[in-house]
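Let me begin by presenting the structure, written as structure tokens, before commenting on it.
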Amino acid sequence: MFHCATGCSGPFTQNFNAMLLLRRCHSLTRFGPLTTQRRQVAPAVASCAVRLWSSSSSDDQRSYQHTHSPSWRYGLAGLLAGTGVVLAYGLHQHKAEQADTVRVQTIEKTSSLPIFSQEEVTKHRSLQDGVWVTYKGGVYDITEFVAMHPGGDKILLAAGGALEPFWALYAVHKQEHVLEILSEYKVGELSAEDVKKQQAVKSSDPYSSDPERHPVLHINNLKPFNAEPPPEILSDSYITPSAFFFKRNHLPVPKVDPASYQLSVEGLPGGVLTLSLEDLKTKFSKHTVTATLQCAGNRRSEMNKVKQVKGLNWGIAAISNATWSGAKLRDVLLAAGYGPDVAKWACHVQFEGLDKDVTGTTYGASIPLKKAVSEEGDVLLAYEMNGEELPADHGFPLRVVVPGTVGARNVKWLGKIIVSTEESSSHWQQNDYKGFSPGTDWDTVDFKSAPAIQELPIQSAVTTPADGAVVDRSAEEVTVKGYAWSGGGREVVRVDVSLDGGKTWQVAQLRTSDKGQAPEPSPPPGQAWAWKLWEVTAPLPAEAQELEIVCKAVDNSYNMQPDTVPPIWNLRGVLSNAWHRVKVKIREDENEE
């Protein structure tokens, strides 16, 4: 599905060149006041476009049509928004960026353009209000370009903000003809104050050294940073790009020197075992596991609609899927002295992170010893994510990955492992991430009365279309996409989808890879750690004016999602897994009488 990184220069270049010619025709008509020139040029642009396409070869025309077909819309989706294959994210391209700046300055003639504030730019985030973006201090009104964008309407993800983070993810934009196209849409300059503002960080801020994050993420909390991607991104790719993988931090991101990093393993007969990052990479076999992580609060926003709960207002995207590589925790524990005698008294493996609060208290959690030492448990001390070193937000240089278990136990920036008779005494193990009856309130709750969440229940959600979306009757059908996952290694075997609120159902097609790739092999029983993406295309009901799309998943233990939220509501808003519901309006054909 996203394999255009090296093989799309032909269609991409043809279409961008075609649009460049179109823009040049457009530029001949750009006279008059800045605020009205867009509307004035439309007829001339249309005429120019007709001449352009009528004179092109049939191959070029087919290429253009192919680019605008549904398969290309998804194959190229996120060209500007960076939601296809992640290219060059995090690479140091200082020289290239300098060259880009020179080219932009050469191409653009900006002697008397107005100055805009970031606040003014942010107001232009829709086709109704205009779509404005910034790039290297310039402000661009790309409203008219949206319809021509080969990547589809996901270009709107950058609306009201900067293009740089998106272009960093997709290197095809670093070309002269793309910069020429952009230059034709320039309407002003970003104020110097706003250009500097993003770089101004208070040194006293404990979060000042946190890494940069992609602006497409929906921020639920800034400090500590917690954010989720737009839902449609999740179903774009079986493996979630690291930049879009949901971020769940409890404390400031620690800066760790990998050269001096040490992991301490305690509580075993052999004494304390200390391992460097190099030890973990060279003394233990490297294993790779594809596993989905989900926050306990995923879909909490739906519980808030029933009754307010305490916690971050997560939507449906506090879940992501990645490949993780590292040493097996089991192998490390064996090297540290674990044996049958330990199993007679130890019950838990505790983890402590290197992230600390102002008192020096670290984040901590624990898992059952049985899970930690099981050959089938696949618990990793991971130092790679999606084939690269762990990003800072995801635990660099080392984290625990506990497949099938709630994200809170997958401790990041791991500093210490303790084999113990007791669970972790951490607040996040003892007084959080536990489920209660809907009748329990903050006056009556007893956290000691409930077990800590480990394995998560069956889950699914609709990622596209979005709630409130509009589909045209002329389309005659609607395609619904989403994800499904179950904890504890239980495999999702079916996803049922309804367009009428649950009156009638059809079975979705499941997939375990991106389109065009071979499916992942079926996992051994009890080791289905990764989600399944699903899709169904169905005709629009003839008389319906609105669709209530519902999805529900079933795993191989025949666990099913509850149909409504109220019976599973709890004061912390965790374990929200009721049928996911999305309402979509059908727009009738305006030509119908």
Out of Leu380, Leu333, sole residue that is more than 26 Å from the chain's Cα centre (by Cα) and in contact (Cβ under 8 Å) with a residue 40 or more places away in the chain: Leu333
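With within 27 Å of Ala484 (Cβ to Cβ) and either crowded, with 23+ Cβ neighbours inside 10 Å or out of contact with any Gly (no Cβ under 6 Å at 6 or more places or on another chain) (or both) as the only criterion, which of Gly311, Gly297 stands out?
Working: Gly311 fails: either crowded, with 23+ Cβ neighbours inside 10 Å or out of contact with any Gly (no Cβ under 6 Å at 6 or more places or on another chain) (or both).
Result: Gly297 is the single residue among Gly311, Gly297 that is within 27 Å of Ala484 (Cβ to Cβ) and either crowded, with 23+ Cβ neighbours inside 10 Å or out of contact with any Gly (no Cβ under 6 Å at 6 or more places or on another chain) (or both).
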Selection status of Pro523, surrounded by 14 or more Cβ atoms within 10 Å (Cβ to Cβ), at pLDDT 95 or above and of a type outside the set (Phe, Trp, Tyr): no
Residue within the range 199-217 that is open to solvent by less than 50 Å² (accessible area, probe 1.4 Å), closer than 26 Å to Glu389 by Cβ and of a type in the set (A, V, I, L, M) present: yes
Options Lys583, Lys552: the member that is crowded, with 21+ Cβ neighbours inside 10 Å, assigned to a strand (DSSP E or B) and under 23 Å from the mean Cα position of the chain (by Cα): Lys552
Leu333 being crowded, with 17+ Cβ neighbours inside 10 Å, in a helix (DSSP H, G or I) and aliphatic (A, V, I, L, M): yes
Scan of the range 407-444 for residues that are β-branched (Val, Ile, Thr) and closer than 25 Å to Glu228 by Cα, ordered by number: Val411
Those residues of the range 378-412 which are closer than 26 Å to Pro451 by Cβ, assigned to a loop (DSSP other than H, G, I, E, B) and open to solvent by less than 10 Å² (accessible area, probe 1.4 Å), in sequence order: Val379, Gly395, Val402, Pro403, Gly404, Val406, Asn410, Val411
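Residue under question is Ala88, and the condition is that it be farther than 24 Å from Ala192 by Cα, touching a helix residue (DSSP H, G or I) at 6+ places or on another chain (Cβ under 8 Å) and either open to solvent by 50 Å² or more (accessible area, probe 1.4 Å) or modelled with pLDDT under 55 (or both); does it hold? Before the answer, list the steps.
Values: farther than 24 Å from Ala192 by Cα: yes; touching a helix residue (DSSP H, G or I) at 6+ places or on another chain (Cβ under 8 Å): yes; either open to solvent by 50 Å² or more (accessible area, probe 1.4 Å) or modelled with pLDDT under 55 (or both): yes.
The answer is yes for Ala88.
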Residue check, Lys356 open to solvent by 10 Å² or more (accessible area, probe 1.4 Å) and within 25 Å of Leu456 (Cβ to Cβ): no
Selection from the range 370-418 of residues that are of a type in the set (Lys, Arg) and closer than 21 Å to Leu354 by Cα: Arg399, Arg409, Lys412, Lys416
Residue match in the range 462-481 (condition: in a loop (DSSP other than H, G, I, E, B) and under 18 Å from Leu533 (Cα atoms)): yes
Filtered residues of the range 482-511 (kept if part of a strand (DSSP E or B), free of Cβ contacts under 8 Å to residues at least 60 places away in the same chain and hydroxyl-bearing (Ser, Thr, Tyr)): Ser498
Selected residue (only one of Val480, Val462, Val445, Val471 is surrounded by fewer than 21 Cβ atoms within 10 Å (Cβ to Cβ) and either more than 24 Å from Leu234 (Cα to Cα) or at pLDDT 95 or above (or both)): Val445
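Within the range 413-423, track down each residue that is outside any strand (DSSP E or B) and open to solvent by less than 10 Å² (accessible area, probe 1.4 Å).
Trp413, the sole residue that qualifies.
The values are calculated or read from the model by the stated rules, or taken from the named source; none is laboratory data. As the structure is a computational prediction, the values presented were derived from the model and not from experiment. Neighbour counts run over all protein chains shown; Cβ positions are idealised from the backbone, glycine included. To get the accessible areas, we keep the full protein, side chains included, count just its heavy atoms, and leave off ligands, DNA and RNA. Shrake-Rupley method; radii C 1.70, N 1.55, O 1.52, S 1.80 Å.
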